Amino acid sequence: MAYRPTIGLEIHAELKTRTKMFCDSANNPDEEHPNVNVCPVCLAHPGTLPTINKEAVRHVLRVGSSVDGTLADYTEFDRKSYFYPDIPKGYQISQYEYPLVAGGKLSGVDITRVHLEEDTARSSHSKDGSLVDFNRAGVPLMELVTEPVIHDAETAGKFARELQLLLRTLGASEANLEKGEMRIEANISVSKDDTFGTKVEVKNLNSFRSVERAIDFEIKRQVEALEKGEAIVQETRGWDENKQQTFHQRFKEGSADYRYFPEPDLPKLITSEIPEFANTVIETSLPELPWDKRARYENIGLKSSDAAYLAETIERGIFFDTVLSELQNDAALALIAANYFVSDVAGWLAKNPSAESKLSSGAFATLVRMIAADTISSRGAKDILLVLLEEGGEPETLAKEKGLTQVSDPEALRASIQGVIVEHPAAAAEYRAGKEASLQFLIGMAMKATKGAGKPALIRELLVEELVK
């Protein structure tokens, strides 16, 4: 019998707030100088008292509402004991028994809880010793825990990507993995039946690809160990990107090791008594969510893959929605716009990841209308779009300057058509003898003769008319 993997995710995201979670020190993830955004509270000086950052609480409640979780009416903070150099108090203020959000679902995966805590300081190590930067200590940190209902790496990666997009859509977090603003841990076990195997936690996953590769590696490692008769040890492992494998870090603690107890220096929160935390207020503050945007795009006829691509980033969605507005939400024009964006614009962006596009939404909408009106050919549209991306400009002006305006007047094209037949008498004779492939050759020659300005359908019609004379 094959082994069945079971995966649960724990994802931390630093929240976008002006100040830290429990003090007035600046929350600035881009600060380059160490230990400047600090104060007696986040450095744990004796006698200091924390205060709750209301904006951080609001961010977590909005996330909870977005995933259809149950927003807590009563919540409290707890002390979670750690004895590491990056936690100055010797404990972290977190939430245990009464999280802000319980339950919910995202990307088809059940969520256990979403709670709020403070981040730790940042440690750096070298051969000369270890240093601690407290700029990050006390930054508001959202933790989301899924149910152990994921069974493959692809689903885990999809969930993490969807959460990142949600956090950015809500303005709750930039969630950049490379900057440590979003950190993913995977709990992985394998078993031959429906019971859970021994859980192993894998940390240091700083990209979605690393998440998927680490999960695949760990599943394989555990299966191979069990096949050899070895026991799986409950532990915390890291991910080595260079070696593409996990490695032992420490044996896993249990909740009893953290010695949770309610934080005595913070008040309990009855969210229903705080106007801005009321369920109706939180719900009405939500923007269009990623899955609703994708559904809206599909409802106007876009393919699901195109809708997913356009809604994949905030910037793409804003650009495309502006184009739709310019096109007065015409469904037929929207399909043309999506086709050219997902193929040509996306291709250019992939080849030029560091370049800044000069394409404006207004110019793109004008180009789409020109394509729909047969003012330009498909080839001409692609040529103009490339110039718009790299240099900007107006499509109509570029079409005239480059001679790309498509001719729809039959009489304006007839002389060129007749010239092509004269220049290629063998192909003309072959078509008259019943060889259809020769007509395609002549169409190609006519398109070349008109420099792509002739409508292919009209050129075909005129060629057939002239050939049967």
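Per the conditions (1) more than 26 Å from the chain's Cα centre (by Cα); (2) buried (at least 18 other Cβ atoms within 10 Å of the Cβ), the sole criterion not satisfied by A172 is (1).
Restricting attention to the stretch 256-280, the residues that are within 14 Å of L61 (Cβ to Cβ) and either in a loop (DSSP other than H, G, I, E, B) or within 24 Å of the chain's Cα centre (by Cα) (or both) add up to 2. Applying the criterion of being modelled with pLDDT of 95 or more and among the hydroxyl-bearing types (S, T, Y) to the residues of the stretch 358-376, the residue that is nearest to F319 (Cα to Cα) is S361. Taking the criterion of being among the charged types (D, E, K, R) and either modelled with pLDDT of 95 or more or outside any strand (DSSP E or B) (or both), the residues of the stretch 236-249 that qualify are R237, E241, K243.
Considering only residues in the stretch 1-28 that are surrounded by fewer than 20 Cβ atoms within 10 Å (Cβ to Cβ) and free of Cβ contacts under 8 Å to residues at least 60 places away in the same chain, the one that is farthest from the chain's Cα centre (by Cα) turns out to be D24. Scanning the stretch 266-282 for residues that are exposed (fewer than 13 other Cβ atoms within 10 Å of the Cβ) and under 16 Å from I52 (Cβ atoms) yields P267, K268, I270, E273, P275.
Okay, residues lined up against (1) within 39 Å of the chain's Cα centre (by Cα); (2) within 17 Å of A365 (Cα to Cα):
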| site | (1), (2) |
| --- | --- |
| E391 | yes, yes |
| K402 | yes, no |
| S416 | no, no |
| G419 | no, no |
| A429 | no, no |
| G444 | no, no |
| V464 | no, no |
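For Y96, the requirement of being touching a residue at least 24 places away in the same chain (Cβ under 8 Å), aromatic (F, W, Y), surrounded by 16 or more Cβ atoms within 10 Å (Cβ to Cβ) and under 24 Å from V202 (Cβ atoms) is met. Against the test of being closer than 27 Å to F277 by Cα and either touching a His at 6+ places or on another chain (Cβ under 9 Å) or basic (K, R) (or both), the options V67, V41, V60 yield a single qualifying residue, V60. Note on the stretch 341-365: residues that are in contact (Cβ under 8 Å) with a residue 40 or more places away in the chain and of a type in the set (D, E) amount to 1.
Could you say which residue among E185, E147, E201, E162 is charged (D, E, K, R) and closer than 20 Å to T313 by Cβ?
Within the list E185, E147, E201, E162, the selection yields E162.
Out of I314, I376, I300, I need the residue that is among the β-branched types (V, I, T) and more than 23 Å from the chain's Cα centre (by Cα). Which one? Result of the check over I314, I376, I300: I376.
Condition check for A346 on (1) more than 16 Å from P456 (Cβ to Cβ); (2) buried (at least 21 other Cβ atoms within 10 Å of the Cβ); (3) aliphatic (A, V, I, L, M): one failure, at (2).
Among the residues of the stretch 1-38, the ones that are among the small types (G, A, S), at pLDDT 95 or above and either part of a strand (DSSP E or B) or touching a Lys or Arg at 6+ places or on another chain (Cβ under 8 Å) (or both) come to 3 in all. R379 meets all of the listed conditions (1) part of a loop (DSSP other than H, G, I, E, B); (2) at pLDDT below 85; (3) under 25 Å from A346 (Cα atoms) but one, namely (1).
When V63, V36 are checked against the criterion of being loosely packed, with under 15 Cβ neighbours inside 10 Å and β-branched (V, I, T), V36 stands alone in meeting it.
Residues that are aliphatic (A, V, I, L, M), under 31 Å from the mean Cα position of the chain (by Cα) and in a helix (DSSP H, G or I) were ranked within the stretch 351-371; the one that is nearest to L462 (Cα to Cα) is I371.
A quick yes/no check of all residues on (1) in a helix (DSSP H, G or I); (2) of a type in the set (G, A, S); (3) at pLDDT below 95; (4) in contact with a Ser or Thr (Cβ under 8 Å, 6 or more places away or on another chain):
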{"residue": "E218", "(1), (2), (3), (4)": "yes, no, no, yes"}
{"residue": "I282", "(1), (2), (3), (4)": "yes, no, no, yes"}
{"residue": "L286", "(1), (2), (3), (4)": "no, no, no, yes"}
{"residue": "W291", "(1), (2), (3), (4)": "yes, no, no, no"}
{"residue": "D306", "(1), (2), (3), (4)": "yes, no, no, no"}
{"residue": "G317", "(1), (2), (3), (4)": "yes, yes, no, no"}
{"residue": "V323", "(1), (2), (3), (4)": "yes, no, no, yes"}
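A residue that is surrounded by fewer than 16 Cβ atoms within 10 Å (Cβ to Cβ), hydroxyl-bearing (S, T, Y) and in a helix (DSSP H, G or I) occurs nowhere in the stretch 398-412. From the list E461, E396, E401, E411, the one residue that fits, being at pLDDT 80 or above and more than 30 Å from L359 (Cβ to Cβ), is E461.
The values are calculated or read from the model by the stated rules, or taken from the named source; none is laboratory data. Only a predicted model underlies this, so the values are computations on that prediction, with no experimental measurement involved. Glycine gets a Cβ as well: all are built from the backbone with ideal geometry, and neighbour counts include every protein chain shown.
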